[in-house]
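Peer 1: Pasting in a structure now, in C-alpha cells, and then I'll have a few things to ask.
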Ligand code: SF4
Ligand code: SF4
Ligand code: FES
C-alpha cells in the first residue's frame with residue numbers, strides 16, 4: 001500500500017515474463033452521494049463503488065448506473081469535454097462530469113453529484129435546458145454585409161477575427177448560466193438571457209462583418225443591467241472564455257455609449 005492509502009496491485013499473471021509486468025493502481029472504494037428523483041420529489045442516495053487511477057466523475061456515475069442503479073438518468077455524449085452535455089454540480093461546484101478527475105477530489109468523504117440548479121429537473125442528474133435554446137432563437141442572427149469581393153468573400157483584419165474567436169469556443173454546457181445568481185437565485189429567466197448569451201451576443205456584435213445592432217435588446221429584454229460583474233460565470237467556464245471582461249463589460253460599455261451618452265441622447269431627440 002502506498003502512503004496515500006491507494007493499493008498498488010500487480011494483476012499480470014505472466015510472471016515468467018518480467019518485461020510484460022504492468023503495475024495497476026487501484027484506489028479504495030469511494031462514496032458518491034447522487035441526487036435521485038424527479039420534479040415531484042428527489043433526495044440524495046449514497047452509493048459505494050470501486051474507483052481507480054485516472055477515473056473521472058462520469059466514470060464513477062456510469063459504474064454505479066451499470067452495477068447498482070440501472071434506472072439512473074445521466075446525460076452525456078462525448079466524454080471529452082466538447083459536447084457540453086454532462087454538466088452537473090460536483091461537491092457544489094458547476095462542472096463537466098467527464099472532465100472532473102477523482103484525483104482532484106477528497107475521496108475520504110462522499111462526493112456529491114447533483115443536477116444543475118438553474119433549470120427544471122427532469123430526472124436524477126438530467127435537467128431541462130430547453131429555455132436556453134428558446135433564448136437563442138429570439139436573438140437577432142448573424143447578418144453579414146455584402147461580400148467585399150466579386151468571388152463572394154470578405155476582407156477582415158486578423159486582429160478583429162482573433163477578438164471574436166474566443167467566444168466561438170463555447171460548448172453550450174450552460175455551467176455559466178447555472179452559477180449566475182440572477183438565474184440561479186433570482187429566477188429572472190424572463191428578463192435576463194444569462195452569460196452564455198452575452199457571449200453569443202458579443203460574438204455577433206463584435207464580428208467585423210456583422211451589420212445588425214442588438215444594443216436595445218441587450219439593454220431592455222436581455223437584461224444586461226442585472227449583471228453586477230461578479231465574474232462567477234468566468235470562473236466556471238470549462239473553455240476558459242473570459243466571459244465578463246471580454247464579452248459582458250464591452251457590451252455594457254456599448255450600451256452606455258449608445259443610450260446614456262449625453263451627446264448621442266441629444267442627437268436622438270433632435271433627429272426624431
Ligand atoms: S458576472 Fe454577471 S453574468 Fe456572470 S455570473 Fe456574475 S452576474 Fe451573472
Ligand atoms: S460560455 Fe463557457 S460556461 Fe458558458 S455555456 Fe459556453 S462553454 Fe459553457
Ligand atoms: S460528455 Fe461531452 S462534455 Fe462531458
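The values are calculated or read from the model by the stated rules, or taken from the named source; none is laboratory data. Because the structure is predicted, anything quoted here is derived from the model rather than measured. Backbone-built Cβ (ideal geometry, glycine too); neighbour counts: all protein chains shown.
Peer 1: Do you know which residues across the stretch 226-244 are away from ligand 3 (no atom under 16 Å from the Cβ) and either touching a residue at least 12 places away in the same chain (Cβ under 8 Å) or closer than 20 Å to residue 88 by Cβ (or both)?
Peer 2: Matches in the stretch 226-244: 226, 227, 229, 230, 231, 232, 233, 234, 235, 242, 243, 244.
Peer 1: Which one of these is more than 21 Å from residue 180 (Cα to Cα) and modelled with pLDDT under 95: 109, 67, 159, 150?
Peer 2: Step by step, each of 109, 67, 159, 150 is checked, and only 159 is more than 21 Å from residue 180 (Cα to Cα) and modelled with pLDDT under 95.
Peer 1: May I ask you to verify whether residue 35 is out of contact with any strand residue (DSSP E or B) (no Cβ under 8 Å at 6 or more places or on another chain), not assigned by TED's automatic domain parsing to the domain that holds residue 172 and not in a helix (DSSP H, G or I)?
Peer 2: Against the criterion (out of contact with any strand residue (DSSP E or B) (no Cβ under 8 Å at 6 or more places or on another chain), not assigned by TED's automatic domain parsing to the domain that holds residue 172 and not in a helix (DSSP H, G or I)), residue 35 does not qualify.
Peer 1: Can you tell me which residue is farthest from ligand 2 (Cβ to nearest atom) among those in the stretch 79-91 that are farther than 16 Å from residue 31 by Cβ and part of a loop (DSSP other than H, G, I, E, B)?
Peer 2: 79
Peer 1: Output the number of residues of the stretch 219-244 satisfying the condition of being within 10 Å of ligand 2 (Cβ to nearest atom) and either part of a helix (DSSP H, G or I) or not assigned by TED's automatic domain parsing to the domain that holds residue 168 (or both).
Peer 2: 5
Peer 1: Name, by its number, the condition in (1) closer than 18 Å to residue 232 by Cβ; (2) surrounded by fewer than 19 Cβ atoms within 10 Å (Cβ to Cβ) that does not hold for residue 156.
Peer 2: For residue 156, the failing item is (1).
Peer 1: Considering each of 236, 256, 182 in turn, give the residue that is within 16 Å of ligand 1 (Cβ to nearest atom) and farther than 22 Å from residue 128 by Cα.
Peer 2: Working: 236 fails: farther than 22 Å from residue 128 by Cα; 182 fails: farther than 22 Å from residue 128 by Cα.
Answer to the check: 256.
Peer 1: In this structure, is residue 203 in the same structural domain as residue 134 (by TED's automatic domain parsing), more than 16 Å from ligand 3 (Cβ to nearest atom), at pLDDT 95 or above and within 15 Å of residue 135 (Cα to Cα)?
Peer 2: No, not satisfied.
Peer 1: Give the residue, chosen from 141, 195, that is more than 14 Å from the chain's Cα centre (by Cα) and more than 16 Å from ligand 3 (Cβ to nearest atom).
Peer 2: The match here is 141.
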